[in-house]
Amino acid sequence: MTRATLAEVLQPALRDGYAVAGLVCLGWEDARAYVAAAEAEDAPVILQAGPGARAHMPLPVWAAMFHALADGASVPVVSHLDHGTSVQDCAEAIALGFTSVMFDGSRLPLEENIAQTRAIVEMAHKASVSCEGEIGFVGYAEGASSEGTDPDEAARFAAETGVDAMAVSIGNVHLQTDQSAEIDRDRLARIEAKTHVPLVIHGGSGLPHTLRSDLARKSKICKFNIGTELRMSFGAALRQTLQDHPETFDRISILKEVEAPLTERARHVIRSLRP
Ligand SMILES: [Zn+2]
């Protein structure tokens, strides 16, 4: 049994200067590949079910899948609800045994974000579950633009909500297919000067591996969410497999070929965040 909460994997990362990968899962094969990659690197891993995943497959199935993988793993595995947008979302995940929930109140006015996040933190902590919040707004490539995190608001948010991890907007953008994000180091330093909560970067795919490594070691960023980079790797491997074996029609045979290259890529992602 190696289920772990977000706090259990992020506090050692904060102390010892590294970060943990929050990997966006869309199905069984990628989730299994990510746990295999974490085991190969002897590192903890966070399996995330985000809004896209939840629209594709019911949350109880995600819970059962993540927990089956965690219980058979040799490394700590966090089962994390990514971008919960209501108390109900988070309550359902907690009831299903998720060890961590993110409440995304980043579009709400500050006072409302603080009040709602605090209530969800209290509910989560009562069940020994961790909670991540977001302050500022991390935008989307080809979508809504970001609003940078204000350091004073971040300090208030951390102190008044009691979150275990805080997602910040410092130049990172969701869904970037190239590694072109420009991180505002000055804003990051001003946030770090005012809080001791582990920080989270959503849109980690937009950062080069060397930059992630540097930030993992030298800043309070302890979690990088990575989705797009691995989805691109999955898509490329799937396309290659179908090209190489046009006669193959069986889903299991096809996806078996995809898991090895995906595991390799995930190992690389995880390794770059290690001390
Ligand atoms: Zn996100």
Completion exercise
By residue number, the members of segment 1-35 that are over 15 Å from the mean Cα position of the chain (by Cα) and either farther than 25 Å from residue 217 by Cβ or at pLDDT below 95 (or both) are 1, 2, 3, 27, 28, 29, 32, 33
Practice task
For residue 155, indicate whether it is without any contact (Cβ under 8 Å) to a residue 60 or more places away in the chain, buried (at least 17 other Cβ atoms within 10 Å of the Cβ) and in a helix (DSSP H, G or I).
Solution key: yes
Exercise for the section: Scan segment 137-163 for residues that are within 15 Å of the ligand (Cβ to nearest atom), of a type in the set (Ser, Thr, Tyr) and within 22 Å of residue 195 (Cβ to Cβ) and jot them down. Expected result: 146, 149
Exercise for the section: Answer with yes or no whether residue 202 is within 20 Å of residue 269 (Cα to Cα) and touching a strand residue (DSSP E or B) at 6+ places or on another chain (Cβ under 6 Å). Expected result: yes
Practice task
Return yes or no: is residue 269 buried (at least 18 other Cβ atoms within 10 Å of the Cβ) and in a helix (DSSP H, G or I)?
Solution key: yes
Exercise for the section: Could you list all residues from segment 164-187 that are free of Cβ contacts under 8 Å to residues at least 40 places away in the same chain, part of a loop (DSSP other than H, G, I, E, B), away from the ligand (no atom under 12 Å from the Cβ) and out of contact with any Lys or Arg (no Cβ under 6 Å at 6 or more places or on another chain)? Expected result: 171, 178, 179, 180, 181, 182, 183, 184
Exercise for the section: Taking residue 106 as the residue in question, decide whether it is in a loop (DSSP other than H, G, I, E, B), among the hydroxyl-bearing types (Ser, Thr, Tyr) and away from the ligand (no atom under 16 Å from the Cβ). Expected result: no
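For (1) on the phi < 0 side of the Ramachandran plot; (2) of a type in the set (Lys, Arg), each residue gets a yes or a no:
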position: 136; (1), (2): no, no
position: 156; (1), (2): yes, yes
position: 159; (1), (2): yes, no
position: 192; (1), (2): yes, no
position: 195; (1), (2): yes, no
position: 210; (1), (2): yes, no
Practice task
Look at residue 125 and say whether it is at pLDDT 95 or above, within 13 Å of the ligand (Cβ to nearest atom), closer than 30 Å to residue 37 by Cα and surrounded by fewer than 24 Cβ atoms within 10 Å (Cβ to Cβ).
Solution key: no
Handout entry: Search result, residues across segment 164-187 that are modelled with pLDDT of 95 or more and among the polar types (S, T, N, Q)
Key = 169
Handout entry: Count of residues meeting criterion [outside any helix (DSSP H, G or I) and under 20 Å from residue 196 (Cα atoms)] in segment 114-136
Key = 8
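Okay, residues lined up against (1) surrounded by 21 or more Cβ atoms within 10 Å (Cβ to Cβ); (2) in contact (Cβ under 8 Å) with a residue 12 or more places away in the chain; (3) assigned to a strand (DSSP E or B); (4) within 16 Å of the ligand (Cβ to nearest atom):
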{"residue": "54", "(1), (2), (3), (4)": "no, no, no, yes"}
{"residue": "62", "(1), (2), (3), (4)": "yes, yes, no, no"}
{"residue": "70", "(1), (2), (3), (4)": "yes, yes, no, no"}
{"residue": "81", "(1), (2), (3), (4)": "yes, yes, yes, yes"}
{"residue": "90", "(1), (2), (3), (4)": "yes, yes, no, yes"}
{"residue": "94", "(1), (2), (3), (4)": "yes, yes, no, no"}
{"residue": "97", "(1), (2), (3), (4)": "no, yes, no, no"}
{"residue": "101", "(1), (2), (3), (4)": "yes, yes, yes, yes"}
{"residue": "112", "(1), (2), (3), (4)": "no, no, no, no"}
Practice task
Taking residue 94 as the residue in question, decide whether it is modelled with pLDDT of 95 or more and in contact with a Cys (Cβ under 7 Å, 6 or more places away or on another chain).
Solution key: no
Fill in the blank from the handout: Within segment 198-227, of all residues that are more than 16 Å from the ligand (Cβ to nearest atom) and basic (Lys, Arg), the one surrounded by the fewest Cβ atoms within 10 Å (Cβ to Cβ) is 218
Problem - Which listed residue, of 249, 234, is surrounded by fewer than 20 Cβ atoms within 10 Å (Cβ to Cβ) and aromatic (Phe, Trp, Tyr) - result: 249
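The values are calculated or read from the model by the stated rules, or taken from the named source; none is laboratory data. Just so we're clear, the structure is a prediction, and the values are computed from it rather than from any experiment. Note that we place each Cβ from the backbone using ideal geometry, even for glycine, and neighbour counts take in every protein chain shown.
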